[in-house]
Amino acid sequence: MHAALRQTEHELLKHRQVWRTSLASWFLTPLLFLGSLGLGIGQAIDRSGAAGTAALGGVRYLAFLAPGLLAATAMQVGAGESLWSVQGGFKWHRFFHASAATPLRPTDVFLGWMTWITIRLVLSATAFVAVAALLGAVRSPLALLAVPAAALTGLAFAAPLTAFTATCQQESTFPLIMRFGVMPLFLFSGAFFPLSQLPATLQAVAQATPLWHGVDLCRALMLGTVDLGSALIHVAVLALFIVGGLAWGTSTFTRRLAP
Amino acid sequence: MDGAAPLVHARGLTKRFGKATAVDGIDVDVAPGEAFGFLGPNGAGKSSTMRMIGCTSPPTSGTLRILGLDPAADGPRIRARLGVVPQQDTLDTELTVFENLLVYGRYFDLPRGVIRPRAAELLAFFQLAERAGERVEPLSGGMKRRLTIARALINEPQLLLLDEPTTGLDPQARHALWERLYRLKQQGTTLVLTTHYMDEAEQLCDRLVVMDGGRIAAEGSPGELIRRHVSREVLELRFADGVQDHLDLGVLAGIGDRVEALPDRLLLYADDGDAAAAAVHDRGVRPASLLARRSTLEDVFLSLTGRTLVD
Amino acid sequence: MIASLVASSALGGRRAARLFERNLLVTRHIWLVVAAGFFEPLFYLLSLGIGIGDLVGQVEVDGRLVDYRAFVAPAMLAASAMNGAVFDTTFNFYYKLRFARTYDAVVSTPLGVDDVALGETLWALARGGVYAAAFLLVMVVMGLIGSAWAVLALPAALLIGFAFAGAGLACTSFLRSWQDLDVLQLAILPMFLFSGTFAPLAAYPAGLRWVVQATPLYHGVELLRSLCTGAVGVSLAGHVLYLTTMGVVGLAVAGRRIGRVLLA
Ligand SMILES: Nc1ncnc2c1ncn2[C@@H]1O[C@H](COP(=O)(O)OP(=O)(O)OP(=O)(O)O)[C@@H](O)[C@H]1O
Ligand SMILES: [Mg+2]
């Protein structure tokens, strides 16, 4: 693990120059989304009366939206750091190869990258929760736990996707993953509206995705409506994706870096 | 139609990048059917000049006429009759090998029916036929270079500009290219090229200029340049490690025309190498090895610029 | 500059078309990715229309109540016209200009810098036009078109594409690194979210409303929403003028700046 941290440190150093842009986007993105949708659409929904609010479980739209968006954004960050950036490490900047030429093993390189993504996820989720709290979208001190919950959600995508990228010589599948995987998940996994709005079959599909588990977990934590049983199930599902991804990545990185 | 008017005509041609002067008021004329070469150390201004001739870099000042036309006013018309091989390959990495030729030919408004057979012939000649349907990215460096050269020939240009065409090519590919260029020249194509290889310059160029620091240091045919700037023969003296550093060059005074000290050897220019070798021996200097040979363009280059050709 | 650009677009239209041809050939290798571009606005429409539409019910447009779905659909069309044009002329164009250096070879042929700018604009427009046409078809099928004026929606979407393509090319010619693109992205997002796209302007505080009304996407959204819902008035001329000016100025700046990058 110590060796893996070398790789992480390398990434941290490299990103020192772009911290400011990242930092700005971590605070601005939730502010903009919550401001536009939460306040804009929220006003329309909240004004439409009891029917709308009841579907949301009796809370204002802003409070409903914030945790969903937290998890969905974590997924986007996780996926975003797992495709082109990882391929760049193999192919263009080749820093993975550079690291692999030192005593670091391919597994260390992979775990180091995952640690780096985890740091990014935790930081951006923290910024998100802070913004949500400022806008009055946080109902419970348990919201602090929504930060690790969001990080788990992001990792549930980052681990398998990073592992997958290591098997790709070409990038042609990446935009398709974003368009037909990440994007529909973002929009249909209960982040923006309750799943009950969807037809029954689509509901079942949505509930099978890791993002829905992340969304539901974050929502329960931020609204303070946690039910231990379902929370544990959510965590277990996310952990399954992460552990599976880590195991897969260990072998795909080894094959790519030390064939 | 242009008669014997020069295809490239430059007077006081200057290119500045900010404060730095890359090309410093050079005069050049290239006649139709000629093969003209630019030699010079790194940074001499060869590529800058080539890009101005290729009408992709506006001169800072001076007169430039290509094919009798003014690049500032008639860029597209001029470029339609040029073939350009830039120093760095600029292949379209989003296309296949064949598509690179097809699209480039289309830029010249050639019909597909004309491009196809030409592309097939060029790909066969440059031994890329089996890669025709593959993406450009994974090709080897030399293959990319060959494709860049093939691409420059797709419009059967009247004036062919080659900036270090053979850098990165294996000896076989180099000789094949020389042959092709020789044939093109016989068919009337005018060649302007830069190179760091003396054998290439001697093989291909009717006339060449040596550039240094943006200026022209010498001009003529390869033979003329050797006659004018260096003695007939050169004596190379190599010493055991460290000995050369302590050698007083004064001891060699009067032998031959001139002594040039390189980091790893001394060059003694003389009309008779063997006689010079004897004289060196007489003065008590004992090099580890002694070699007398005929002067080459390389020596011209060295004496004009103080630098070896291949850095 | 503008005059020379117009002249060159008449003369050089054919040369610019060659670059268009090149892009078409590239598309053949990545057709699935290109086709996928159509789904982004569709997904947004379905998510917001189905998921949120029921919760919201109806909203007010120019004093009339319309279904939230019919309210949000033209905005998605406008936003996708913007996003498509911006993506093509920033990310894609930056990649070709600075990274792959695709145009270095192009300008050594009879094609010039103006042809590059024009060709890429035409390309962005054509691609956006195909997406817009497909999206309008979906709107017709879903019964979200409330007026015959909607026949003008396609040219209006093209105009939005033109405005953002011009601006995008101009911006890209100033960019120095990939990081600058992130900053650009950060400027696009608020426009996407606040230009009356998801909620009526009235939902925002007065100060913010002024800012929104100054942004180009707002004018695009208003234009398309008027045409699709039939709330047509003289203000349309203002929107058209705004977007046209933006495209022309952007293209003129781009033509000059790109020359500096390519013809050093
Ligand atoms: N686009 C540019 N911007 C700024 N300076 C430039 C540019 N292109 C060339 N130069 C400078 O102009 C000078 C001449 O460069 P040029 O490429 O013409 O040399 P060259 O003779 O082709 O050298 P080489 O043998 O290395 O190819 C160099 O000092 C170089 O740094
Ligand atoms: Mg050069």
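The values are calculated or read from the model by the stated rules, or taken from the named source; none is laboratory data. Keep in mind that what you see is a predicted model, and the values were worked out from it rather than measured. Methodologically, a virtual Cβ is constructed for each residue, glycine included, from the backbone with ideal geometry; neighbour enumeration extends over all protein chains shown. Note: areas computed on protein heavy atoms with side chains; ligands, DNA, RNA excluded. Shrake-Rupley method; radii C 1.70, N 1.55, O 1.52, S 1.80 Å.
Tabulated values for the structure
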quantity: Candidate set from region C:31-55 (those that are in contact (Cβ under 8 Å) with a residue 24 or more places away in the chain and under 19 Å from C:Leu125 (Cβ atoms)); member that is surrounded by the fewest Cβ atoms within 10 Å (Cβ to Cβ); calculated: C:Val34
quantity: Condition broken by B:Asp27, with the remaining ones in (1) crowded, with 18+ Cβ neighbours inside 10 Å; (2) away from ligand 1 (no atom under 14 Å from the Cβ); (3) of a type in the set (D, E, K, R) satisfied; calculated: (1)
quantity: Count - residues of region A:156-194 that are under 17 Å from C:His29 (Cβ atoms) and more than 8 Å from chain C (Cβ to nearest Cβ); calculated: 6
quantity: Odd one out for C:Ala156, checked against (1) among the aliphatic types (A, V, I, L, M); (2) closer than 18 Å to C:Leu77 by Cα; (3) open to solvent by 30 Å² or more (accessible area, probe 1.4 Å); calculated: (3)
quantity: Which listed residue is touching a residue at least 12 places away in the same chain (Cβ under 8 Å) and either within 13 Å of ligand 2 (Cβ to nearest atom) or more than 10 Å from chain C (Cβ to nearest Cβ) (or both), from B:Pro71, B:Pro58; calculated: B:Pro71
quantity: All positions within region C:126-162 that are among the hydrophobic types (A, V, I, L, M, F, W, C) and either in contact with a Phe, Trp or Tyr (Cβ under 6 Å, 6 or more places away or on another chain) or not in a helix (DSSP H, G or I) (or both); calculated: C:Ala134, C:Met142, C:Leu144, C:Ile145
quantity: Tally, over region B:170-200, of residues that are within 16 Å of ligand 2 (Cβ to nearest atom) and modelled with pLDDT of 90 or more; calculated: 4
quantity: Members of region B:41-89 that are open to solvent by less than 20 Å² (accessible area, probe 1.4 Å), touching a His at 6+ places or on another chain (Cβ under 9 Å) and more than 16 Å from ligand 1 (Cβ to nearest atom); calculated: B:Ile66
quantity: Entirely in region B:238-311, the strands (runs of 3 or more DSSP E) that have 1 or more residues that are more than 30 Å from the chain's Cα centre (by Cα), surrounded by 12 or more Cβ atoms within 10 Å (Cβ to Cβ) and of a type outside the set (Ser, Thr, Tyr); calculated: B:289-294
quantity: Listing of helices (runs of 4 or more DSSP H) fully contained in region C:189-264 that carry 3 or more residues being within 16 Å of ligand 1 (Cβ to nearest atom) and under 15 Å from C:Phe71 (Cα atoms); calculated: none
quantity: Close pairs from region A:79-90: first open to solvent by 10 Å² or more (accessible area, probe 1.4 Å), partner part of a loop (DSSP other than H, G, I, E, B) and of a type outside the set (S, T, N, Q), Cβ under 8 Å, at least 6 apart; calculated: A:Trp84/A:Glu171
quantity: Region B:104-125 residues that are in contact (Cβ under 8 Å) with a residue 12 or more places away in the chain, paired with ones that are open to solvent by 50 Å² or more (accessible area, probe 1.4 Å) and of a type outside the set (Phe, Trp, Tyr) (beta carbon under 7 Å, 6 or more apart); calculated: B:Leu123/B:Ala129
quantity: Filtered residue count, region B:198-252, keeping only those that are closer than 29 Å to B:Ser47 by Cβ and of a type in the set (S, T, N, Q); calculated: 2
quantity: Pick from region B:90-121, criterion touching a Gly at 6+ places or on another chain (Cβ under 8 Å) and open to solvent by less than 10 Å² (accessible area, probe 1.4 Å), ranking: nearest to ligand 1 (Cβ to nearest atom); calculated: B:Val97
quantity: Flag for C:Val151 being away from chain A (no Cβ under 14 Å), in contact (Cβ under 8 Å) with a residue 40 or more places away in the chain and surrounded by fewer than 23 Cβ atoms within 10 Å (Cβ to Cβ); calculated: no
quantity: Among the candidates A:Gly224, A:Gly214, residue that is closer than 25 Å to A:Gly80 by Cα and touching a residue at least 40 places away in the same chain (Cβ under 8 Å); calculated: A:Gly214
quantity: So B:Ala22, is it in contact with a Ser or Thr (Cβ under 8 Å, 6 or more places away or on another chain), touching a residue at least 12 places away in the same chain (Cβ under 8 Å), in a strand (DSSP E or B) and within 8 Å of ligand 1 (Cβ to nearest atom); calculated: yes
quantity: Pairs where the first residue, in region B:182-203, is farther than 16 Å from B:Leu161 by Cβ and more than 14 Å from ligand 1 (Cβ to nearest atom) and the second is of a type in the set (Ser, Thr, Tyr) and in a helix (DSSP H, G or I), C-beta under 9 Å, 6+ apart; calculated: B:Gln203/B:Tyr182
quantity: Qualifying residues in region B:132-166 (those that are in contact with a helix residue (DSSP H, G or I) (Cβ under 7 Å, 6 or more places away or on another chain) and open to solvent by 60 Å² or more (accessible area, probe 1.4 Å)) - the one nearest to ligand 2 (Cβ to nearest atom); calculated: B:Glu134
quantity: Odd one out for B:Arg77, checked against (1) at the interface with chain C (Cβ under 8 Å from one of its Cβ atoms); (2) closer than 23 Å to C:Val261 by Cβ; (3) away from ligand 2 (no atom under 16 Å from the Cβ); calculated: (2)
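So that you can scan it fast, the table gives a plain yes or no per residue for (1) within 13 Å of another protein chain (Cβ to nearest Cβ); (2) under 20 Å from the mean Cα position of the chain (by Cα); (3) surrounded by 23 or more Cβ atoms within 10 Å (Cβ to Cβ); (4) in contact (Cβ under 8 Å) with a residue 40 or more places away in the chain:
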residue: C:Phe162; (1), (2), (3), (4): no, yes, yes, yes
residue: C:Ser177; (1), (2), (3), (4): yes, no, no, no
residue: C:Phe194; (1), (2), (3), (4): yes, yes, yes, no
residue: C:Thr197; (1), (2), (3), (4): yes, yes, yes, yes
residue: C:Ala202; (1), (2), (3), (4): yes, no, no, yes
residue: C:Ala206; (1), (2), (3), (4): no, no, no, no
residue: C:Leu223; (1), (2), (3), (4): no, yes, yes, yes
residue: C:Thr229; (1), (2), (3), (4): no, no, yes, yes
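The rows are residues; the columns are (1) within 11 Å of chain C (Cβ to nearest Cβ); (2) within 23 Å of A:Met222 (Cα to Cα); (3) modelled with pLDDT of 75 or more.
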position	(1), (2), (3)
A:His2	no, no, no
A:Leu32	yes, yes, yes
A:Leu56	yes, yes, yes
A:Gln76	no, yes, yes
